[in-house]
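Notes follow once the structure below has been shown.
Derivation of every value follows stated rules applied to the coordinates shown; laboratory data play no part. Since we're looking at a predicted model, the values are computed, not measured. In this analysis, Cβ positions are derived from the backbone assuming ideal geometry, glycine residues included, and neighbour counts consider all displayed protein chains.
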Amino acid sequence: MPVSAGSVPQDAGGDSTAGPVRGLGPKAASTRSGRRTITVGIVGATGYAGGELVRLLLHHPNVRLAGLYGRNRDKEPIAASHPNLGATGLVIDRAIPEADAIFTALPYGAAAEMAGEIVARGSALLDVGPDFRLHDPADYPRWYKFDHPAPELLAQAVYGLPELHREEIREAADRPTTIIGLPGCYSTATILTLAPLARAGLIADLAVDAKSGVSGAGREPKPDLLFSEVNESVRAYGMFGHRHTAEMEQELGEQGERGAMGSRDANPGVATVDFLPHLIPMTRGILTSCHVRTTRPVTQAELDTLYGEAYRDEPFVQIVADAPATKHVFGSNLCRIWVRVDPRSGKVLALGVIDNLVKGAAGQAVQALNVLFGLPEAAGLEQYPIAP
Ligand SMILES: NC(=O)c1ccc[n+]([C@@H]2O[C@H](COP(=O)([O-])OP(=O)(O)OC[C@H]3O[C@@H](n4cnc5c(N)ncnc54)[C@H](OP(=O)(O)O)[C@@H]3O)[C@@H](O)[C@H]2O)c1
């Protein structure tokens, strides 16, 4: 059904859990038809992650899209950038919308420049890019080659991986400034795949070999992403310094600090992660293969318990008995993990798969929004994977 620009009829159906929304003042507590409704804006709506956010939020029972921002756009029909969403009648404008929450899905450095303006209006900021992921401002010139323009805001940001930081995300809702730095796609897959081992202080040495579909690089045209370059070819890139390595070291290192042995030394293998990504001729999906030499011998039964307990109550993480493939999660917010002790070497092999644009980007962003606003965590994210 075509709808008017910027107004999406999301009141029909769904749950009716009325009640106070955590934090963020009266705007966020607005209700329509007795249901909580959060107003949301998307900055960078013309990109892959921005378009995927629109697609997911159109079916979110508690969200109303307040506006879509694209640079140099003025009432441009969304079909110009996302033909799949043309029937929504939505338009993309040049003004950042007023909303309870603003998602930014921009190249690195751009969201940090806008963040002050967004949070000054009282909106919660959820950045899909990397500008609020790393705790230490000195990591930005090191990994991203820019000086962070707003270190005072960075200091208030929460790393938005709900499986590891659910309580901190909830608490961020009650702060005057709410900023969620959403994880990268490789980082999401790899951190989830390794967190139970890190928590138990089991990572003595680590090599991560990962593969991504081409949409992970965004839609900005680049010669090495042409069909003729990528098709029927596989190549490694980002040798010895892919930026997502920084997040893996930060987050897995923190797991160790809270882990059984009480310090980062518990996991010497996460201090300098050997991470090698590869580009694969497919559109979506990430497979991360994590090779771990453990700090002590482990049994399969111990691994089964560790992973089972870590993710038993998680709506989007599934521990599976057969090695997972990217097709098993395509289009969904799921992360599937398989973990085994190699009986020959005694090492652990842990494999994880996600859809980079859903659990690796827009889906995770919606999941964090749900946690932040006290909504059901799976709201808007209940799609099964698409197959074949
Ligand atoms: N793709 C993924 O799988 C994925 C996963 C996790 C995180 N991310 C992160 O999410 C962010 C967006 O990624 P993407 O894949 O959606 O990229 P994309 O497809 O290239 O889209 C980038 C968006 O940013 C806009 N933009 C570019 N430069 C800008 C500037 N200087 N000021 C304002 N807007 C600007 C673009 O607008 P125009 O249309 O005007 O160019 C477009 O809307 C990146 O930081 C990326 O690292 C991506």
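The calculated FRET efficiency for the pair E382 and R296, based on their C-beta separation and a Förster distance of 51 Å, comes to about 0.80.
Scaled against the 2.2 N^0.38 Å expected of a compact globular protein of N residues, the Cα radius of gyration of the range 314-381 reads 1.31.
For the range 115-171, GluC sites (Glu not before Pro) are listed when DSSP marks them as loop and at most 14 other Cβ atoms sit within 10 Å of their Cβ; the list is empty. A Stokes-Einstein calculation at 37 °C with viscosity 0.692 mPa s, built on the Kirkwood radius of the range 186-356 over Cα pairs, returns a diffusion coefficient of 200 µm²/s. From zero up to wherever the largest Cα-Cα distance of the chain sits, split into 10 Å bins and tell me the percent of pairs in each. Reading the bins upward from 0: 5, 24, 34, 25, 10, 2, 0. Once the chain from A87 to A236 is taken as fully extended at 0.36 nm per residue, the excess over their C-alpha distance is 49.8 nm. By the count of neighbouring beta-carbon atoms within 10 Å, fewest first, M248, M282, M239 end up ordered M239, M282, M248.
With a Förster radius of 35 Å applied to the C-beta separation of R35 and R71, the computed FRET efficiency comes to 0.55. Residue by residue, the range 96-112 carries 3J(HN,Hα) couplings of 5, x, 7, 6, 5, 9, 10, 8, 10, 10, 10, x, 4, x, 6, 5, 4 Hz when phi is fed to the Karplus relation 6.51 cos²θ - 1.76 cosθ + 1.60 (θ = phi - 60°); x denotes Gly or Pro. Here the gap between K145 and D205, fully extended at 0.36 nm per residue and compared with their Cα-Cα distance, gives a gain of 18.8 nm.
Annotation note: GluC sites (Glu not before Pro) in the range 215-311 located in DSSP loop regions with a Cβ neighbour count of at most 13 within 10 Å are E232. Distance between the modelled labels on A217 and K327, one decimal in nanometres: 2.4 nm (7 Å Cα→Cβ projection). In this structure the amide hydrogen of V63, modeled in the peptide plane, comes within under 5 Å of the amide hydrogens of I38, none closer than 5 places in sequence on its chain.
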